[in-house]
Amino acid sequence: MYETLSDTAIDPPVQGFLHRPESAPGEGLILTHVAGGNAQMGLLVAVAEAFAGRGLTVLRCNLPFRQKRSFGPPRPGDAVRDREGLRNAVAAMRKFVAGRVYLGGQSYGGRQASMLIAEERVADGLLLLSYPLHAPSKPDQLRVQHLPQIQLPTLFVHGTRDPFGSIDEIESARKLIPAKTLLLKVEGAGHDLGFKGKTKREELPAKIVESFHTLFG
């Protein structure tokens, strides 16, 4: 189960859904969504439930651009404010947990999380679901410029049929990060990691949690 969280006293506001573990909360995880989605996407819900079942407090948050517009992708000027929203989400999570706080998301959300961590070490680790290494039609325009500035352990979860980056390209990209990294390959999955509409890979969230604990202990 989860509860709605909304903090409009800060700007950008923090808005999303909080999953609390049955045990005493020790660590926290913030998850954000793809450019065309929101915090209620099936993959994020399933992953949040899996992590909460293993003792983490999880916040699925809507990025600032999605709080303003219920549909459509972010606009070119939204990214900076979205990263500010993620910074505020980390601060909000630290009110619930005393331990480490991890930051991550799927595609656009994960990319903004990684760019924030490259700018400022506000969290203790990264979880990148379907990192959008390049646009499907532009494999020569890689989004890797900030990766060498990431000083935190990073878990990549990537489908073997993701048009936003091949497994070989992700392997090359993660070598740019000076901290420890790990890649969980999802065989046969595209950018949605097998979560599309009512379709879902039931075993994937548990595998993500296991890989996460392998990397972070």
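Give me, ordered by chain and number, the residues 5 or more places off residue 102 or on other chains with an amide H under 5 Å from its own placed amide H.
Correct list: 28, 29, 30, 124.
In Å and on Cα atoms, what radius of gyration and Dmax does the chain show?
For the chain, the Cα radius of gyration and maximum Cα-Cα distance read 15.7, 47 Å.
Between residue 71 and residue 179, take the C-beta separation as r, use R0 = 30 Å, and let me know the FRET efficiency to the nearest 0.05. Walk me through the numbers on the way to the answer.
Details: r = 36 Å, r/R0 = 1.19.
With R0 = 30 Å, the Cβ-Cβ based efficiency is 0.25.
Using DSSP, restrict attention to beta bridges with both residues in segment 1-127 and report what percent are antiparallel, rounded to the nearest 5. Walk me through the numbers before you get to the answer.
Details: 10 of 22 bridges.
About 45 percent, rounded to the nearest 5.
Extending each Cα 7 Å along its Cβ direction at residue 121 and residue 151, get the distance between those two points in nm, one decimal.
0.4 nm
From the phi angles alone, apply the Karplus equation (6.51, -1.76, 1.60; θ = phi - 60°) to segment 178-194 and give each ³J(HN,Hα) in whole Hz, x where the residue is Gly or Pro.
x, 7, 5, 10, 8, 10, 9, 8, 10, 4, x, 8, x, 5, 8, 6, x
Carbon-plus-sulfur fraction of the accessible area of segment 71-197, 1.4 Å probe, in percent?
Numbers: 2920 of 5620 Å².
C and S fraction of accessible area: 52 percent.
Using DSSP H assignments, which helices in the chain have an axial alpha-carbon span of 15 Å or above and a mean Kyte-Doolittle hydropathy of 0.5 or higher? All intermediate terms of the calculation are to be shown ahead of the outcome.
Numbers: long enough: 42-53 (17 Å, 1.81); 79-93 (21 Å, -0.21); 108-119 (17 Å, -0.05); 204-216 (18 Å, 0.77).
Qualifying helices: 42-53, 204-216.
How many percent of the accessible area of segment 1-70 is carbon or sulfur, using a 1.4 Å probe?
Working: 1460 of 2920 Å².
That share works out to 50 percent.
On a C-alpha basis, how far is the centre of segment 42-62 from the centre of segment 124-200 in Å? Whole number, if you could?
Rounded to whole Å, the Cα centres lie 19 Å apart.
The values are calculated or read from the model by the stated rules, or taken from the named source; none is laboratory data. In this text, all values refer to a predicted model and were calculated from it rather than measured experimentally. Cβ sites come from the backbone with ideal geometry, for glycine too, and all protein chains shown count toward neighbours. All accessible areas refer to the heavy atoms of the entire protein, side chains included, with ligands and DNA or RNA removed. Shrake-Rupley method; radii C 1.70, N 1.55, O 1.52, S 1.80 Å.
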